[in-house]
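Contents: one structure, followed by commentary.
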């Protein structure tokens, strides 16, 4: 289960309406999101990559376990995936949100969407978190080691920001992000690193930080000239990676007289697919 993304720029207004719980997006927000998508080629690869991840998992599990993709905010919707499974005679479903760290605003919403659409007689067993799974930590560490960090490069682990009120309400998300960062750094032999949050929503309330752009500006003002971003809150390429990091954060670094690069996303990393297989087999 993943967030979902429109299949064309013309679908952006309806997509944003679904994301916003039925509230239409302003023309300004629609234009901004269209611009962001245009900057990465017009489409997000989220759905395509999620399908590839599912196909890779299917090949490891074999024909006895059917693997399908369901999105919360766009086609193929979670409800349609469940209907497909019910039509195939499936009575037990294991739901894996494509987000390593649990949050009531991400993972729980996937789970709620599945339970709300669950066909009669079907049992649903969600995976709530895999933020500290050894295979996840190793998959991220493998990407970090492959980047071969420079001695003077600031390593920054990032994840999606959340409204501060959610964290104050007891959400464990920020704690799990910190645990993921610590585990990856240990495996990669990294002693010094920083954590930042990115892609905060466009609402007036405070969101958790330090924001990635602000961190870049503050560290550059202290003399930092190279940044290596390690996005540990995401498992594949999509707009939060391809635009928010590759375009926006890179431009922010350049404006500060610095350079910025990032580690490769997990996508269909064999270690990541092995993790997904382990999550399933532990429940079979």
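Coordinate-derived values only; no laboratory data. Small disclaimer: the values here were computed from a predicted structure and weren't measured. A quick note on method: Cβ atoms are made from the backbone with ideal geometry, for glycine too, and the neighbour counts reach across all protein chains shown.
Return the pair list, or none, for Cβ contacts closer than 9 Å from residues in the range 125-138 that are closer than 13 Å to residue 277 by Cβ to residues that are exposed (fewer than 14 other Cβ atoms within 10 Å of the Cβ), at least 6 apart or on different chains.
What qualifies is 127/283.
Has the range 62-73 got at least one residue that is buried (at least 18 other Cβ atoms within 10 Å of the Cβ), under 23 Å from residue 283 (Cβ atoms) and touching a strand residue (DSSP E or B) at 6+ places or on another chain (Cβ under 6 Å)?
Taking every residue of the range 62-73 in turn, at least one turns out to be buried (at least 18 other Cβ atoms within 10 Å of the Cβ), under 23 Å from residue 283 (Cβ atoms) and touching a strand residue (DSSP E or B) at 6+ places or on another chain (Cβ under 6 Å).
Does the range 1-30 hold any residues that are surrounded by 12 or more Cβ atoms within 10 Å (Cβ to Cβ) and assigned to a helix (DSSP H, G or I), and which are they?
9, 11, 12, 13, 14, 15, 16, 17, 18, 19, 29, 30
Quick one: in the range 222-241, which of the residues that are out of contact with any helix residue (DSSP H, G or I) (no Cβ under 7 Å at 6 or more places or on another chain) and over 25 Å from residue 102 (Cβ atoms) is surrounded by the most Cβ atoms within 10 Å (Cβ to Cβ)?
If we take residues in the range 222-241 being out of contact with any helix residue (DSSP H, G or I) (no Cβ under 7 Å at 6 or more places or on another chain) and over 25 Å from residue 102 (Cβ atoms), then 224 is surrounded by the most Cβ atoms within 10 Å (Cβ to Cβ).
Considering every residue within the range 246-268, establish whether at least one is in contact with a strand residue (DSSP E or B) (Cβ under 9 Å, 6 or more places away or on another chain), closer than 27 Å to residue 130 by Cα, in contact (Cβ under 8 Å) with a residue 24 or more places away in the chain and part of a strand (DSSP E or B).
Yes.
I need the full set of residues from the range 105-114 which are surrounded by fewer than 17 Cβ atoms within 10 Å (Cβ to Cβ) and in contact (Cβ under 8 Å) with a residue 60 or more places away in the chain, in order please.
Passing the criteria: only 105.
Looking at 62, 22, 121, can you tell me which residue is more than 18 Å from the chain's Cα centre (by Cα), farther than 22 Å from residue 8 by Cβ and without any contact (Cβ under 8 Å) to a residue 12 or more places away in the chain?
Exactly one residue qualifies, and that residue is 62.
Which of the residues spanning the range 60-114 are touching a helix residue (DSSP H, G or I) at 6+ places or on another chain (Cβ under 7 Å), farther than 23 Å from residue 274 by Cβ and not in a helix (DSSP H, G or I)?
71, 72, 73, 74, 103, 104, 105
Does the range 222-243 hold any residues that are in a loop (DSSP other than H, G, I, E, B) and either farther than 12 Å from residue 258 by Cα or in contact (Cβ under 8 Å) with a residue 60 or more places away in the chain (or both), and which are they?
Within the range 222-243, 224, 225, 232, 233, 234, 235, 236, 237, 238, 243 qualify.
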